[in-house]
Amino acid sequence: MSTAKEICVVGGGVIGLCTAYYAMKQGHRVTVIERGGPAHDSCSLGNAGMIVPSHFIPLAAPGMVALGAKMMLRPRSPFYVRPRPDADLIRWGALFAKSATAAHVANSAPILRDLHLASRARYQELARDLGDDFGFTKNGLLMLCKTQSALQEEAHTAEMACKLGMEAKVLTPLETARVDPEITMDIAGSVYFPQDGHLTPQIFIERLTKALEAGGVSFLWGAEVTGWGTASGRIVSARTDAGEVAADEYVLAGGAWSPRTVRDLGIRLPMQAGKGYSLTLPKPPQTPRVCSILMEARVAVTPMLSGLRIGGTMEVTGLDLSISWPRVDGILESVPKYFPRFAPGDFENVPVWSGLRPCSPDGMPYVGRFDRYRNLIAATGHAMMGISLGPATGEILADILSDHAPKIDIGALSPDRFH
C-alpha cells in the first residue's frame, strides 16, 4: 500500500466527492473545500442523473458548430451563447471549432466508453457499500425521435456503438412501447441503449457525504479558495475565507468555477459554463420506467425517487445562474409532443432549477497532473456527464494520488493539452 498523504479536494460536487471517497478508501487523509453548505446548495443536484455509456461522442463533433449557429437564432432553442467581448470565450470557441472533427470523435469515443462503463461498474459496488438506496436503476436509455431524419442520425450512433462493443437497438414505435409500457409515446422510433441507467443525484450525494464523514473526511463548508501558497514549483497551501489548508496533494474539482480558482497560479484552463435547467414533477401524469432523451428537443427525462425530472438547454453565458424563461418554455413545450398525456398545466408551480456545467472546448474532461505545479491535479470539465463519469474519475484520481498508474489511459485528458 502507498504512503498515506494529506489530500485537499477543492469542490464538493459529485467529482470531488467521488475523488475523496476513493482516496479515503486507499488510506489517505482528505479535506474537502466546498463553496456551498452541507446541503450541497452549490452542487449540480438538479441534473438528469443518467449513467450513459451511450454518450461516447464528445460535445465537440462534426456539425455541432453549424447546428449551434442555427439554434442561436431561436429564443426557445436548447442552445445559446451570449455574445460578449471576452478573450476566454473567443479562445474557447476557436478551440471548439478546431476540435469538432471526425478524427477527434474517433479518438475520444473509446476513452469515453471506458470511463462510462467503469463508472457503471463502480455504481453497482457503491449501491451495495453505501448501504442505502439512491435509485440506481439499470433499465437502459431510450433516444426518442419524432422524425425519420433524427432516427436515421441516431441509428448511425447505434452503429458506432456496436462497433465499440456496446449494445444498441433501433426500435419501431411498437417495439419502443414494449421496452417502456408505462408511458404513452408519439414518436417515429427510437434507439435503445440497454447498458445505460440512472439514479437520484440528491440522494446519492447525501449517502456519499455521510460515508465520507463516517470515514473521517473533513469538510470546509461555505469556503472558497481565494489564493494559494507556493514554493519551489509546488503548492503548499490553499487559502480560503475559513483559513488555510496545507496538504501534500491538491485536487481541482471546482466544476465551472475551476478556471477562476487557479487563475492566480498563472494557469489558463479553457472552460465555459454551460447552463442547464430542470423541473421535477412530484406527481406526473405518467411515470416511465426508462430514462429518455427527446432527440430533436435535446431534453432529458428521468424517473427518480423524488419524481419525474425533465431538463435541458446549454446556455453559455458565464457564471450566471439566472433563468431564461423562454428557454424553460421551450423545454416544457417539447414534452407533450413526445408524451401526449402531458400538458403545460402539469408544470404549473413546479420550481425551476438552474445549474452550470463545466465545458471544455473539446468536450473531454480534464483529468491528470498539471505541469506547472506537480502536486495539483485536475478533475473537472465533465460537462453534462459529471454523474456518469464521477466514480471512474474518482478512482483514477485516487490511483494518481497513490502514485499508481490509472487503469484507463488518460493521456488525452491532460489539463495542459491546449498549451
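The values are calculated or read from the model by the stated rules, or taken from the named source; none is laboratory data. Note that the structure is predicted; figures quoted are calculated from it, not measured. Every residue, glycine as well, gets a Cβ built from its backbone with ideal geometry; the counts of neighbours run over all protein chains shown. Note: accessible area is taken over every heavy atom of the protein model, side chains too, but ligands, DNA and RNA are not part of it. Shrake-Rupley method; radii C 1.70, N 1.55, O 1.52, S 1.80 Å.
Things to note:
- Selected from Ile293, Ile408, Ile15 as most flexible by GNM, with the chain as the system and alpha-carbon contacts under 10 Å: Ile408
- Counting Cα-Cα pairs of segment 301-418 in 10 Å increments starting at 0 gives whole-percent bin shares of 11, 33, 26, 19, 10, 2.
- Under 5 Å between amide hydrogens, built in the peptide plane, is the criterion, and for Val316 it picks out Tyr80, Val81, Arg82, Lys275 among residues at least 5 positions away or on other chains.
- Percent of Cα-Cα distances greater than 23 Å, calculated over segment 120-256: 59
- Positive-pole candidate from Pro285, Ala273, Thr209, dipole of the chain, charges at beta carbon: Ala273
- Local electrostatic count, Asn139, Cβ distance below 9 Å [Lys/Arg +1, Asp/Glu -1]: 0
- Three-way shape call for segment 72-160 based on the alpha-carbon gyration tensor, with the a/c threshold at 1.5: prolate
- Note on Cys145: accessible area is roughly 0 Å² with a 1.4 Å probe, heavy atoms of protein only.
- DSSP-assigned coil residues among trypsin sites (Lys or Arg not before Pro) in segment 225-332, each with at most 12 further Cβ atoms within 10 Å: none
- Our summary of shape: the Cα atoms of the chain have principal axis extents of 63, 49, 45 Å, ordered from largest down, in whole angstrom.
- With a cut-off of 11 Å on the backbone N, the residues of segment 333-377 near the modelled label site 7 Å out from Arg234 along Cα-Cβ are 374-376.
- Net charge dipole, the chain: roughly 580 debye, given to the nearest 20, about the Cα centre with Cβ charges of +1 for Lys and Arg and -1 for Asp and Glu.
- In Hz, Karplus ³J(HN,Hα) per residue of segment 334-344 (6.51, -1.76, 1.60; θ = phi - 60°; x = Gly, Pro): 6, 4, x, 5, 9, 10, x, 6, 8, 9, x
- Cα shape, segment 99-146, gyration tensor, a/c 1.5 rule: oblate
- Stretched out straight at 0.36 nm per residue, the stretch from Gln148 to Glu125 would grow longer than its current Cα-Cα span by 4.4 nm.
- The alpha carbons of segment 275-315 stretch over 28, 18, 15 Å along the principal axes, in descending order.
- DSSP-defined antiparallel bridges as percent of all bridges, the chain, nearest 5: 70
- Selection of GluC sites (Glu not before Pro), segment 200-291, meeting DSSP coil and at most 14 other Cβ within 10 Å: none
- Applying 0.36 nm per residue to the separation of Ala242 and Val65 and subtracting their alpha-carbon distance, the gain on full extension is 59.5 nm.
- What the Cβ-Cβ distance of Val352 and Glu296 gives, at R0 = 25 Å and to the nearest 0.05, is a FRET efficiency of 0.70.
- With all protein chains kept in place, the per residue accessible area of the chain amounts to 40 square angstrom at a probe of 1.4 angstrom.
- Among Arg35, Arg82, Arg120, the largest mean-square fluctuation in a Gaussian network model of the chain (Cα springs under 10 Å) belongs to Arg82.
- Proximal lysines relative to Lys25, as straight alpha-carbon distance under 21 Å, when same-chain residues fewer than 8 apart are discounted: Lys5, Lys210, Lys407
- Measuring nothing but protein heavy atoms, the accessible surface of the chain at 1.4 Å probe radius is 53 percent carbon and sulfur.
- Where N is the number of residues in segment 351-404, Cα Rg divided by 2.2 N^0.38 Å: 1.31
- Using Cβ point charges alone (K and R +1, D and E -1), the dipole size of segment 217-302 about the Cα centre works out to roughly 420 debye.
- Each label was represented as a point 7 Å from its Cα along the Cα-to-Cβ direction; for Trp325 and Thr172 these points are 4.5 nm apart.
- Label-to-label distance, nm, for residues given as Ala405 and Met72 (7 Å Cα→Cβ offset): 4.5
- Nearby lysines by direct alpha-carbon distance to Lys146 (threshold 24 angstrom, same-chain neighbours under 8 apart not counted): Lys70, Lys169, Lys337
- Taking every alpha-carbon pair under 8 Å whose residues sit at least 6 apart, segment 218-376 reaches a relative contact order of 26 percent.
- Cβ charges +1 (Lys, Arg) and -1 (Asp, Glu), total dipole of segment 154-261, debye: 300
- In the elastic network of the chain, a GNM with C-alpha springs shorter than 10 Å, the most mobile of Ser99, Ser278, Ser232 is Ser232.
- Close amide H partners of Ile235, meaning residues 5 or more places away or on another chain with modelled amide H under 5 Å apart, are Asn375.
- Stretching the chain fully between His419 and Asp264 yields a gain of 54.1 nm (0.36 nm per residue, less the alpha carbon separation).
- Nearest-ten-degree value, helix 148-163 long axis tilted from longest Cα axis of the chain: 50
- In degrees, nearest ten, helix 386-401 long axis to first principal axis of the chain (Cα): 20
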